[in-house]
Amino acid sequence: MNESHAWEAEYSPSVQIFSALAHPLRFALAHHLCQDPHTVSELHQCLGVSQPLASHHLKILKDANVIVGQRQGRTTVYTISDEHIRHIINDVYVHTKE
């Protein structure tokens, strides 16, 4: 029998964020979005990946509430969801460069 634990409900949203960032391309996308908002077209060009691949990984980040997308006409502009996420991404990136 699968027993539900209170700690699972408490920590699952945090784990979802780390799981979404636990891929090099998704972390790179998120890191770029920490600097400035971008469209999928801009991201695929600057990272050298296909647009469908970038879109796929952006969806995972969006579903985990790491990023948000705002429609501007026929284009969606993506940005980091909030300052807490921005700090996590930047702190981890800087930490690995030390």
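The values are calculated or read from the model by the stated rules, or taken from the named source; none is laboratory data. Computed from a prediction, not measured in an experiment: that's the story for all the values here. Note: ideal-geometry Cβ built from the backbone for every residue, glycine included; neighbour counts use all protein chains shown. Side chains are part of the model used for accessible areas, which takes the heavy atoms of the whole protein and leaves out ligands, DNA and RNA. Shrake-Rupley method; radii C 1.70, N 1.55, O 1.52, S 1.80 Å.
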May I ask you to give the percent of accessible area on the chain that is carbon plus sulfur, with a probe radius of 1.4 Å? 55 percent
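On average, how much accessible surface per residue is there in the chain, in Å², for a 1.4 Å probe, leaving out ligands, DNA and RNA? Before the final figure, lay out the partial values.
Working: 6660 Å² over 98 residues.
Accessible area per residue: 68 Å².
Multiply the residue gap between GLN70 and CYS46 by 0.36 nm, knock off their C-alpha separation, and tell me the result in nm, one decimal place.
Details: separation 24, 0.36 × 24 = 8.64 nm, distance 2.00 nm.
So the extension gain works out to 6.6 nm.
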Along Cα→Cβ, 7 Å out, is where each label goes; now give me the distance between the ones at ALA6 and ASP63 in nm to one decimal. 3.1 nm
